[in-house]
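The values are calculated or read from the model by the stated rules, or taken from the named source; none is laboratory data. Keep in mind that this is a model prediction, so the values were computed, not measured. Because the Cβ atoms are built from the backbone with ideal geometry, glycine has one as well, and the counts that use them run over all protein chains shown. Accessible surface areas use protein heavy atoms only, side chains included; no ligands, DNA or RNA. Shrake-Rupley method; radii C 1.70, N 1.55, O 1.52, S 1.80 Å.
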Amino acid sequence: MKNNRKWHISLLSAACALAMTGCFDGSSSGPAIDDGDGGTPPPTGSTPPAPYTAPSITSFAPGDVSATIRRTDFGVPFITADSLEGVGFGTAYAFAEDNICVLADQIVRFNGQRAMFFGPDAVLGSGDSKNVINDFIYKALDLRGLAEANIDGLSDNSKALLQGYAAGYNAYLAETGVNNIALPCQGRPHVRPITEVDMMTYALGVALLPGAANFLDPMFIAVPPGEDYNPTPVMAEATSYDMNLDLASITPPDPNPSELGSNGWALGSDMTENGQGMLLANPHFPHVGNQRFWRFGVEIPGEMKVVGGSLSGMPGPVNIGFNANVAWTHTFSTAERFLVYQLELDPSDETGKTYLVDGEPRQMEEKNVQITVATGPGTSIQLERTFYMSDFGPLLSIPGQFQWGMNFQGTTSAFALYDANLPNFDVLDHWLALNLAESTDEIYSIMNEYTGIIFNNIMATDKDGNTFYMDGSTVPDLSPEALDFLRNDPVSTAVRIQAPFTLVPGNSEAFMPRGTVPATRAPMLQRTDFVQNSNNSYWLTNPDEPLATSQFADSVGNVQGDEAPDYLLYGRFNNEQTLRSRMGQKKLSELSDVTLDVLEETLLSNRAYLGEAVLDDLIAHCTARGTTPVTTSNGNVDVSAGCTALGLWDGRMNKESVGAVLFREFAQRFATDPQWVVPFDRNNPTTTPNTLDTNETVLVQLAQAIETVQAAGFALDAPLGDVQFVERSNPDGTASGNRLPWGGANNIEGGFNVFRSQGAEDGTLLPRHRYDTLPGSQLAPEGYHITSGSSWMFVMRFTENGPEGRGLLTYSQSSDVFSPHYLDQTQFYSQEPRLSPIRWTEEDIAANTISTLEVSAPAND
């Protein structure tokens with residue numbers, strides 16, 4: 001394989017030095033990358049899935065499109081229709097009743113029209129220019145053009161769902177009137193009727209959330225050396241539009257800025273009381289913004305019946321839920337959905353717009369993009385910019401690190417982003433197939449047919465007690481030679497540690513992805529006890545049968561053959577697990593003959609792994625210190641009162657748990673400098689590291705925690721419910737003042753049922769308030785303000801009489817402050833962590849129906 005790439009030594013010297021110490025051998029001496037077997041047994045192998053045959057289902061029905069919407073307790077809608085078009089119609093109508101402002105915002109976002117309606121800045125008058133950047137990039141990526149060009153080629157099922165959804169949204173908007181819809185988008189001009197193309201554009205945008213959507217700034221400033229990234233006004237009298245961007249703030253982006261996470265368990269016949277499948281679904285997603293879940297159920301009598309929850313604006317299918325035969329959930333995967341390519345610029349082209357592939361020059365495509373920017377009431381300007389595309393993807397630039405035109409270890413380079421989800425047209429067909437599946441074997445076939453679940457692991461179980469796991473992410477399919485190069489080249493592995501992406505040579509076609517990795521080469525496991533994931537990699541899906549590439553490798557670590565699995569781009573193995581993952585594995589190890597009551601209690605017990613591992617030793621250590629001060633950077637601290645508070649802690653993160661706040665703040669410091677006696681051992685990954693090292697550092701960490709709690713104005717023995725709360729924003733973004741006490745753990749202390757405060761951005765322009773936290777803490781003077789974490793969570797089991805489930809949407813169905821379902825599930829959980837019955841049978845739905853609405857519109861309207 002040809003490779004003329006050279007590297008930027010100053011950027012990577014520290015990482016290279018780390019690599020040379022042997023940190024890639026899977027030992028505990030440093031970060032472990034997929035290249036060793038860690039002594040794990042070889043897999044038993046798997047049979048390729050049977051070809052998938054989609055079941056027959058009515059896409060379109062003759063006559064008007066219609067649906068019946070019955071809302072049950074907590075306002076959860078159950079939608080009945082005679083076709084998929086009707087399912088989409090009823091789902092959209094009900095969703096718009098609850099959350100029209102969220103979807104209206106996202107339609108504008110991915111159509112590249114934010115600046116047209118809201119002006120240049122995401123924060124009005126701030127000068128951040130985020131709306132300008134958003135619009136230019138999504139128009140440059142041409143999501144709407146892709147939707148328009150491909151919508152006729154979609155399956156009839158996808159077209160029916162998209163057409164029905166657009167019609168249902170429009171029917172609600174027409175019947176209600178834009179001046180009567182929910183705040184804050186009431187009467188706003190961006191809330192308009194939509195089309196199936198708008199919905200497809202939105203779906204394509206959602207598929208980019210774990211990839212290209214995080215590179216808007218680097219793509220925007222990507223211009224050849226000497227060119228200006230500022231757009232030009234399309235007016236004869238205007239010559240410039242200066243955005244004054246802070247280029248130093250543009251750094252390699254976090255591929256998971258919202259800290260999306262989840263727990264998912266599929267239990268099989270060996271684990272459950274009745275020998276049938278059970279599922280625990282616990283997505284940790286934002287409670288506000290575009291990634292809110294929404295509960296619902298749909299039915300086409302005799303053809304389809306499914307209940308669960310989906311992300312905002314999903315046109316009909318359930319993302320996480322169950323039908324009569326299978327149940328499934330997802331967790332955010334460690335796999336890489338995108339790659340960054342280093343392009344070797346042609347030295348004979350002084351403009352920097354030509355790159356070499358296998359020694360042959362290729363010209364970058366220049367795309368001129370125009371956007372409209374509102375400048376005041378009724379006034380706007382047109383801006384235009386040229387963007388650059390390569391065969392490897394759109395160009396990006398990160399100043400000083402991956403910058404267009406820089407000398408990158410002797411090679412004048414540019415950089416391009418390859419996103420495997422750009423575009424992804426499988427999303428609707430994939431989730432619809434899961435909604436209709438009848439067994440875990442069929443789910444395997446579905447995973448081999450489609451690549452539409454974007455960034456997710458899947459854990460599934462069926463009524464016969466089988467379980468299934470796969471990392472179903474859309475991953476670029478590099479050749480075995482390319483993967484072996486990335487694995488064996490020491491600088492490549494160093495970049496993978498230092499940067500939040502893999503940097504791939506772009507100077508040869510041999511490095512071009514061949515599409516996406518098929519299911520037959522993705523991490524997969526089928527068992528009859530359990531499969532699980534809590535956002536670590538595939539490796540310990542079940543500790544009794546670890547998964548690793550090396551199981552398929554030769555004696556020097558290279559994977560043999562084009563069809564052999566190679567998990568290099570799916571995340572690490574032989575590596576230390578998070579405390580939350582270890583909490584989940586510990587809970588599973590304690591279970592047998594599981595009942596629905598036990599599974600619900602296990603989900604909501606609010607245990608903390610770190611507390612169970614160190615609390616007794618920590619209390620003994622601080623008790624022995626007595627009143628002798630501990631010195632921190634702020635002075636001397638008497639830890640005795642804190643020690644007393646920890647002695648009162650019950651080890652849980654419930655509202656009434658005294659000492660829980662102090663322990664969380666201790667955990668915050670401990671996470672930055674863990675003090676363990678027994679280090680991580682890859683042969684005992686679920687129980688190591690362990691045993692608190694009772695040294696002075698630990699006492700300083702406790703003293704710092706005491707300082708933080710006191711600086712925030714809370715007593716050291718304050719119950720968690722006095723500190724941790726949910727508080728919604730008013731429609732104008734101000735704090736409502738209605739604070740609900742909240743029980744629940746956090747990742748930092750090894751919680752399982754996790755809650756936290758979300759970051760500054762939630763993917764929408766909808767206003768909301770935030771509280772500034774103290775340095776090095778998640779604690780604000782107001783407390784722990786919960787805006788993210790456990791969202792649509794449920795437990796279920798199959799029985800001889802059908803599925804039985806309990807669930808809750810912690811932030812409730814509606815974002816409309818005047819809806820009776822704006823806060824009802826939230827108040828239910830605040831009183832006590834618990835779930836409520838999921839209505840499944842017709843008798844149960846009918847008995848708990850609180851409203852019925854018949855909706856219809858002319859076909860394809």
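What does the charge dipole of the chain about its Cα centre add up to, to the nearest 20 debye, if the Cβ of each Lys and Arg holds +1 and the Cβ of each Asp and Glu holds -1? Walk me through the numbers on the way to the answer.
Numbers: 48 positive and 103 negative charges, 272 e Å.
Using only the charged Cβ atoms, the result is roughly 1300 debye.
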Check your understanding: In whole percent, what relative contact order does the chain give with Cα contacts below 8 Å and a gap of six or more residues?
Key -> 17
Practice item. Please list the helices of the chain that count as membrane-span-like by this rule: a mean Kyte-Doolittle hydropathy of at least 0.5 together with Cα atoms stretching 24 Å or more along the helix axis, each helix being a complete DSSP H run. Key: 84-110
Revision key, fill the gap. Taking a straight Cα-to-Cα line shorter than 14 Å from residue 586, and setting aside same-chain aspartates and glutamates fewer than 8 residues away, one finds 544, 612
Study note, to complete from the structure: Of the residues 802, 312, 608, the Cα lying farthest along the dipole of the chain towards its positive end, which is defined by charges on the beta carbon of Lys, Arg, Asp and Glu, belongs to 608
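Could the peptides 389-401, 94-106 be put in order, highest first, of the mean number of other beta-carbon atoms found within 10 Å of their residues?
Details: 389-401: 20.5, 94-106: 24.2.
Sorting 389-401, 94-106 by mean packing, highest first, produces 94-106, 389-401.
R0 = 30 Å: FRET efficiency of residue 734 with residue 230, Cβ-based, nearest 0.05? Don't skip to the end; give the middle numbers.
On the way: r = 35 Å, r/R0 = 1.16.
Approximately 0.30, to the nearest 0.05.
Once every DSSP H run of n ≥ 4 in the chain is given -39500 (n - 2.57) and the sum is divided by its residues, what mean residue ellipticity at 222 nm do you get, rounded to the nearest 500 deg cm²/dmol? All intermediate terms of the calculation are to be shown ahead of the outcome.
On the way: 20 runs with 227 residues, N = 861.
When only DSSP H runs of four or more count, the value is -8000 deg cm²/dmol.
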Practice item. In nm, give the distance between the simple-model label positions of residue 696 and residue 772, each being 7 Å from the Cα along the Cα-to-Cβ direction. Key: 3.4
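How large is the convex hull of the C-alpha atoms of the range 394-539 per residue, in Å³? Write down the numbers at each step before the final one.
Working: hull volume 19.2 nm³, N = 146.
With only Cα atoms used, the range 394-539 gives 132 Å³ per residue.
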Study note, to complete from the structure: Treating only Lys and Arg (+1) and Asp and Glu (-1) as charged, each at its beta carbon, one finds that the range 580-676 has a dipole about its Cα centre, in Debye to the nearest 20, of 340
Check your understanding: For the chain, with the dipole built from +1 on Lys and Arg beta-carbon atoms and -1 on Asp and Glu ones, taken about the Cα centre, which of 788, 455, 409 lies farthest toward the positive end?
Key -> 788
Point to revise | Cα-derived Rg to Rh of the chain, Kirkwood definition | key: 0.95
Review point. The range 278-302 to the range 392-456: how many Å between their Cα centroids?
Key: 23
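For the pairs 587/655; 159/367; 159/305; 130/367; 139/353, note any where the Cα-Cα span goes beyond 23 Å. Intermediate values should be presented prior to the final figure.
Numbers: 587/655 21 Å; 159/367 30 Å; 159/305 20 Å; 130/367 20 Å; 139/353 21 Å.
The answer is 159/367.
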Exercise for review: Would you mind telling me the share, in percent, of accessible area of the chain contributed by carbon and sulfur at probe 1.4 angstrom?
Suggested key: 48
Study note, to complete from the structure: Taking a crude spin-label model, label points 7 Å out from Cα along the C-beta direction, the residue 638 to residue 841 distance in nm is 6.4
Revision key, fill the gap. Here, residue 656 and residue 254, labelled 7 Å along Cα→Cβ, have an inter-label distance in nm of 3.5
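Using only C-alpha atoms and all pairs of different ones, pull out the Kirkwood radius for the range 723-769 in Å with one decimal.
Numbers: mean 1/r = 0.0818 Å⁻¹.
About 12.2 Å for the range 723-769.
Sorted by packing (mean other beta-carbon atoms within 10 Å per residue), highest first, where do 77-86, 762-771, 828-837, 422-431 land?
Details: 77-86: 26.2, 762-771: 19.0, 828-837: 16.8, 422-431: 22.7.
Going from most to least packed, we get 77-86, 422-431, 762-771, 828-837.
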Check your understanding: Taking +1 at the Cβ of each Lys and Arg and -1 at the Cβ of each Asp and Glu, which of 711, 382, 757 sits farthest along the dipole of the chain towards its positive end, judged by Cα position relative to the Cα centre?
Key -> 711
